[in-house]
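The values are calculated or read from the model by the stated rules, or taken from the named source; none is laboratory data. Remember, predicted model here, so these are calculated numbers, not experimental data. Positions of Cβ are backbone-derived with ideal geometry, glycine not excepted, and every protein chain shown enters the neighbour counts. Note: areas computed on protein heavy atoms with side chains; ligands, DNA, RNA excluded. Shrake-Rupley method; radii C 1.70, N 1.55, O 1.52, S 1.80 Å.
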4 protein chains.
Amino acid sequence: MQPISKARLEQFSDGVFAIAITLLALEIKVPHLESSYITNSIKELYPLVPNIATFILSFLGIAIFWVNHHQLTRNITTVSRRIVWGNMLFLLFVTLIPFATSVVAENAGNALAVLTYSLILFGSSSTFSILRYFVEKHQGANKVKMLRSLVGPILYTLAVISALFSIETSYALLIIPPLFYFLPRN
Amino acid sequence: MQPISKARLEQFSDGVFAIAITLLALEIKVPHLESSYITNSIKELYPLVPNIATFILSFLGIAIFWVNHHQLTRNITTVSRRIVWGNMLFLLFVTLIPFATSVVAENAGNALAVLTYSLILFGSSSTFSILRYFVEKHQGANKVKMLRSLVGPILYTLAVISALFSIETSYALLIIPPLFYFLPRN
Amino acid sequence: MQPISKARLEQFSDGVFAIAITLLALEIKVPHLESSYITNSIKELYPLVPNIATFILSFLGIAIFWVNHHQLTRNITTVSRRIVWGNMLFLLFVTLIPFATSVVAENAGNALAVLTYSLILFGSSSTFSILRYFVEKHQGANKVKMLRSLVGPILYTLAVISALFSIETSYALLIIPPLFYFLPRN
Amino acid sequence: MQPISKARLEQFSDGVFAIAITLLALEIKVPHLESSYITNSIKELYPLVPNIATFILSFLGIAIFWVNHHQLTRNITTVSRRIVWGNMLFLLFVTLIPFATSVVAENAGNALAVLTYSLILFGSSSTFSILRYFVEKHQGANKVKMLRSLVGPILYTLAVISALFSIETSYALLIIPPLFYFLPRN
């Protein structure tokens, strides 16, 4: 296999990121507002609250993946076959995030829906760590970074398991990775 | 955090802009035309008029944001963390514009629908001003430009408030920012 | 207004072209096949025939616009405000092509549907001619090319008018511009 | 016709690839989960299994086409009219892959659905071979590569024919091309 150009790998990945993040908003169901009194209409919007919360969570998730992906590919000098297919596996899970968002929005409060959502974020997060491993190994490994990149997969695994017992705990665990990302670092 | 490449920030943002602007047309409901007489069919198209008006308003809105965004990023030399996340927050509202367009199209003449639409345009407009502030500050501030960029947020705030009393006033206010943009400048 | 970079104008336009052309296939309704006998199933596909014909026509249309757009922007050295907004107006009609395709597919044999489709292609074609005029004028006009670029708008105008009398004539006129494009030239 | 720039041909094609691959996940129907017991909910997910299997097959298919397309365009020095339109014909079938995926997902176990899916993959695969032929001929032909690129079209032809007699055989044949691609090569 001839080497893949890094520019086109980034271009294709950016396309997938941009589409996935834009489709998220389509999964918020457009409400049919019956009442002409604004105070009554507002009540008709209540069922949208979990949709909007999940939309924001998924948007943040994809945005963080994009920033991390960008920082990762910066370090790439040559694109190996492993990197191409590690990237594809990661993008497979990224394209599933709008679907996962929709499953939760459609079935708010259902344990299996939260489990599916957590599982797809676990998939994105762990395949990104694998991709990072391939890239770092290709360039000369950096063990500290690999350790950091286990935080996501571990938290999402806990979210998958918690969904079986308590949806609230699972939701709480899903909120930690973005918060952790935005923590100031020394 | 390593610096983000400006080219990829633009590439990702252009992807989001292009998808959001193309999805707008999908929100115009495809009519099922019953009559085989063209004069009767035309009557069946009447309910599409508000959809088409909102489509054009949203298209113009996203197009103006794209032109302004492009002019803003031209001035960027290095991309700070603040700029990346200011841009993401802005794009979050841009991805909501097709949803907002659909809410108005689905609920023509409903006050809360117009309020939601105005609110999302207010969000896009004000987060763009915040992004502009981050960029200008990063390069050496230009106070005149910051003043200009308050026109959008203020008009959209007035549109949000008007929606509570008069939908027509709210619509009229929504049309001003694009008109203002196309005014000749000295 | 600061000059717009040509690269980003092309990048944004290519995004819109790529999304519009890919969404076309989504407008072909997925059939629900009832019969388990393949000969009966085939009959269930008959209603898809006009959808597929319109899909191919629209795909060819957008593809030809993309090739022409590409050749036009090659000649651009600086992007004027007129070119930016001429391009936006053209893209507005391009984003409506999937909608127009869907209107025809949903209402096969309806005169108003064919009229709408012809009207949107007329819009795309004539705004592209306007964009070409802005570009040529900006670079030093080439009258021969302007004449050539009236073929599309004229044929689509005839298709709009014919739709009022005979759908078949209208369809026939819609097929001529792509054929004309592929004619060998000396 | 003036020569087309290779960068923009790749940019447009990457857009189409990225959108088609991201839309695949939208074709997995979002289930409405009735039961609050997780063991019962899991049963409600059973109908999704063929959808997910087809999603993975289509994702792999588009991913492999993207890698091959990338390697092909690397060799291009000048873009001829033939290459532009060979590429467009290939992209036409790529945009149909999400539709084909949806047809199979909607009609699991239906012979005509599997036949349609196989036919569209045959179209993608054979038009890609034609594109490869145009490119190789333009650069100086390489017969070995042309032979290799017949594997896909032949297997998909067999899948089309098998669909008439045995859906299982057809499915099995559809899985071979991706497996063949990932086989180690000397």
With everything on Cα atoms, drop me the angle between helix A:167-182 and the longest principal axis of chain A, reported from 0 to 90° to the nearest 10.
-> 50
Overall form of the protein assembly as shown per C-alpha gyration tensor (a/c, 1.5; a/b vs b/c) = rounded
For chain A, with a Gaussian network of springs between Cα atoms less than 10 Å apart, report the residue from A:His69, A:His32, A:His138 with the top mean-square fluctuation.
-> A:His32
From the label point of C:Glu44, set 7 Å from Cα along Cα→Cβ, how far away are the matching label points in the other copies, in nm, ordered shortest to longest?
-> 2.6, 2.6, 3.6
For B:Val30, what charge total do you get from the other residues with a beta carbon under 15 Å from its beta carbon, if Lys and Arg give +1 and Asp and Glu give -1?
-> -4
How far, in degrees from 0 to 90, does helix D:81-106 lean away from the longest principal axis of the Cα atoms of chain D, to the nearest 10?
-> 10
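Under the rule of -39500 (n - 2.57) per DSSP H run of 4 or more residues, summed and divided by the residues of chain B, what mean residue ellipticity at 222 nm is obtained, to the nearest 500 deg cm²/dmol? Display every interim value, and only then the final one.
Numbers: 8 runs with 143 residues, N = 186.
It comes out at -26000 deg cm²/dmol, rounded to the nearest 500.
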Expressed per residue, the solvent accessible area of the protein assembly as shown in Å² (1.4 Å probe) is about 42
Build a GNM of chain C with springs between Cα atoms under 10 Å: which of C:Ser149, C:Ser102, C:Ser170 gets the top mean-square fluctuation?
-> C:Ser149
Radius ratio Rg over Rh of segment C:1-124, counting only Cα atoms, Kirkwood formula for Rh | 1.12
Residues in segment B:37-60, backbone N under 19 Å from the label point at C:Thr169 (7 Å along the Cα-to-beta-carbon vector): list them, ranges by number please.
-> B:37-39
Output row for B:Gly109: copy-to-copy label distances, label 7 Å along Cα→C-beta, ascending, in nanometres, one decimal, is 3.4, 3.4, 4.8
Helix B:6-23 axis, angle to chain B major axis (alpha carbon atoms, nearest 10°) | 10
When the charge dipole of chain B is computed with +1 on Lys and Arg Cβ and -1 on Asp and Glu Cβ about the Cα centre, the Cα farthest towards its positive end, among B:Phe182, B:Ile21, B:Ser129, belongs to B:Ser129
Could you pull out the pairs from A:Lys43/B:Lys29; B:Lys6/C:Lys6; A:Lys29/B:Lys43 whose alpha carbons sit more than 20 Å apart here?
-> A:Lys43/B:Lys29; A:Lys29/B:Lys43
Placing each pseudo-label 7 Å from Cα in the direction of the beta carbon, A:Leu179 and D:Thr78 end up separated by a distance in nanometres of 6.2
Once label points are set 7 Å from the Cα along Cα→Cβ at both A:Met146 and D:Ala7, what is their separation, rounded to one decimal in nm?
-> 3.8
Among B:Asn87, B:Asn68, B:Asn40, whose mean-square fluctuation peaks in a Gaussian network model of chain B (Cα, cutoff 10 Å)?
-> B:Asn40
For B:Asn75, inter-copy label-point distances (7 Å, Cα→Cβ), nm, shortest first, read 3.4, 3.4, 4.9
Counting only residues 5 or more apart in sequence or on a different chain, those whose built amide H sits under 5 Å from that of A:Ile4 are A:Val79
